[in-house]
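In what follows, a structure is listed as structure tokens, so that the remarks can point back to it.
None of the figures in this text is laboratory data; all of them are computed from the coordinates on show. Keep in mind the model is a prediction, meaning the values are calculated, not measured. Positions of Cβ are generated from backbone atoms using ideal geometry, with glycine treated the same way; all protein chains shown enter the neighbour counts.
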Amino acid sequence: SAADAGADGVTLTLPTSDLHITYKLKKDRDYILRSTEECVTYAKSRGLTVEFLAEDGSRSDLDFLEKVFTKAIECGADRVCLCDTVGVLTAEKTSEVVRRLSANLKVPLAIHCHNDFGLAVSNSIVALKSGAQEAHVTVNGLGERAGNAALEELVVSLNVLYGCKLNIRMELIYETSKLVSRLTGIFLQPNKAIVGDNAFTHESGIHTHGVLSNPATYEPISPELVGASRRIVVGKHAGSHGIEAVLRSMGLTVTKEQLSEILQRVKALGDKGKQITDADLQAIAEAVLGLPKVRPIRLKELTVVTGNRVTPTASVKLALNGKVITESATGVGPVDAAINAIRKAVSAVEPIQLEEYHVKAINGGTDAVVEVLVRLRKGSKVVTAMGARGDIVMASVEAVLNGMNTLLVDYEKIKGGSKS
């Protein structure tokens with residue numbers, strides 16, 4: 001079927017461990033050798049490039065594994081691959097097996113690692129150093145059970161730690177990771193290496209001070225290398241240098257006394273267990289500085305229609321810098337429709353992306369108050385904001401508008417207007 005569809009190559013997989021042969025296939029080793037010969041020979045007769053994978057190769061008898069690979073190569077296989085199907089290889093075992101196979105086989109050897117013990121990336125690196133010429137990876141490490149070797153971790157490690165120049169556009173890694181996460185619905189853990197939300201995020205006062213002086217103090221790589229950006233966040237562990245940097249990014253300049261007051265208020269909220277967003281910091285700073293609460297975007301009207309026989313649709317009327325804009329949009333649900341309508345209305349003037357959306361109920365019951373936390377981006381600037389309502393649609397709208405206003409408010413204009 002692959003050849004008929006115009007494919008250039010195929011991957012053929014057969015198990016080589018006695019465990020799989022006996023209990024999964026209920027066959028014997030001779031069957032594996034015959035099947036290898038039949039499958040590879042036929043694929044080559046159709047003009048296909050063949051990579052032959054030994055499933056559960058890491059738990060196979062090494063002599064038999066090499067015998068199967070040799071048979072595949074004799075029948076024309078272009079590459080062979082050692083599969084650590086349940087992620088049990090150690091660095092030492094990986095090196096031992098790969099060195100032997102690389103020395104004895106006449107075609108390139110690949111490595112396919114699973115992450116059941118968290119060793120997929122390190123074992124892939126060891127395999128490449130020991131003679132393997134190819135490593136299988138997935139974006140965000142997606143795969144069965146605990147996943148496979150993560151593309152972003154392996155690529156950046158090879159580039160930065162081992163000096164390998166790869167034909168990969170590393171500046172697109174972060175964007176690609178987020179795209180895959182959205183499309184698959186599998187969200188990344190915040191502390192995921194390279195592409196997690198916390199990978200280039202700093203809160204601790206000591207850390208933010210160091211990063212602001214020289215990013216290399218607490219960052220092994222520049223976030224721009226993978227297309228990400230650095231974030232200084234506020235919370236109970238924040239220090240004055242970090243908060244001052246965030247305020248400066250908002251266009252706010254504060255005195256030493258004002259900064260001290262803002263810091264005290266931030267820590268007081270943090271000590272109460274509240275997650276402090278950029279919109280919260282903005283409100284605190286405005287209060288301390290005595291600035292008028294000016295918001296470029298104001299919600300004038302929102303209507304949402306949903307049901308089991310109607311496509312969720314929202315229409316919104318916004319005042320954007322004094323100009324009234326009306327838009328409508330559909331979505332997979334009422335929240336999605338409402339946010340899409342707002343983004344559609346604002347994007348004509350200011351392109352703002354919604355990067356993350358999280359919701360949680362504060363208390364139980366159908367009338368529960370819900371908190372919605374969003375993360376928005378405008379160019380390289382990223383902010384967080386929150387909304388809390390009994391209505392999840394309005395909580396979501398509140399969070400999105402709070403974030404957009406934090407991104408769009410221009411304090412230079414506000415100060416200029418107040419002087420005149």
Return the single residue from Leu183, Leu289, Leu263 with maximal mean-square fluctuation; model: Gaussian network over the chain, springs between Cα atoms under 10 Å. Leu183
With springs connecting C-alpha atoms under 10 Å apart, model the chain as a Gaussian network and identify which of His358, His237, His207 has the largest mean-square fluctuation. His358
Decide, for the stretch 297-412, between rounded, prolate and oblate: order the square roots of the alpha carbon gyration tensor eigenvalues as a ≥ b ≥ c, take rounded if a/c falls under 1.5, and otherwise choose prolate if a/b is larger than b/c, else oblate. oblate
May I ask for the distance between the Cα centers of the stretch 117-149 and the stretch 158-229, given as a whole number of Å? 19
Net charge within 13 Å of Leu12 by Cβ-Cβ distance, Lys/Arg positive one each and Asp/Glu negative one each, not counting Leu12 itself? -1
Run the helix sum for the chain: -39,500 (n - 2.57) per DSSP H stretch of 4+ residues, divided by residue count, reported at 222 nm to the nearest 500 deg cm²/dmol. -12000 deg cm²/dmol
With charges only on Cβ, +1 for K and R and -1 for D and E, what is the dipole size of the stretch 274-319 about its Cα centre, in debye, rounded to 20? 240
Shape call for the stretch 9-136 from the C-alpha gyration tensor, a ≥ b ≥ c root eigenvalues: rounded (a/c under 1.5), prolate (a/b greater than b/c) or oblate? oblate
What nm value, rounded to one decimal, do you get for the distance between Asn198 and Ser102 when each label is placed 7 Å out toward the C-beta? 3.5
Would you mind computing, in nm to one decimal, how far apart the modelled labels at Lys27 and Asp410 are, each placed 7 Å from Cα along Cα→Cβ? 7.1
Fewest first, what order do Cys83, Cys164, Cys75 take by the number of other Cβ atoms within 10 Å? Cys164, Cys75, Cys83
What is the mean projected area of the alpha carbon convex hull for the stretch 71-195, to one decimal in square nanometres? 8.5
In the chain, what percentage of the DSSP-assigned beta bridges are antiparallel, given to the nearest 5? 60
Using Cα centres only, tell me the gap between the stretch 312-387 and the stretch 66-114 in whole Å. 51
For the chain, what is the charge dipole size about the Cα centre, in debye to the nearest 20, if Lys and Arg each add +1 at the Cβ and Asp and Glu each add -1 at the Cβ? 1280
Over the chain, equivalent-ellipsoid semi-axes from the Cα gyration tensor in Å: 53, 26, 18
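Please state the shape class of the stretch 201-289: rounded when a/c is under 1.5, otherwise prolate if a/b exceeds b/c and oblate if not, all from the C-alpha gyration tensor.
prolate
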Run down the aspartates and glutamates and flag those whose C-alpha is under 13 Å from the C-alpha of Lys26, throwing out any fewer than 8 positions away in its chain. Asp18
Going by average Cβ neighbours within 10 Å, how do the peptides 52-65, 96-109, 290-303 rank, with the highest at the top? 52-65, 96-109, 290-303
So for the chain, taking the charge dipole from beta-carbon charges (+1 Lys/Arg, -1 Asp/Glu), which of Val40, Gln258, Asn167 sits furthest toward the positive end? Gln258
Of the options Gly322, Gly242, Leu225, report the single residue whose Cα projects farthest towards the positive end of the charge dipole of the stretch 220-351 (beta-carbon charges: Lys, Arg +1; Asp, Glu -1). Gly322
Which net charge results for the neighbourhood of Asp78, defined as the other residues with beta-carbon distances under 13 angstrom from its beta-carbon, given Lys and Arg at +1 and Asp and Glu at -1? -1
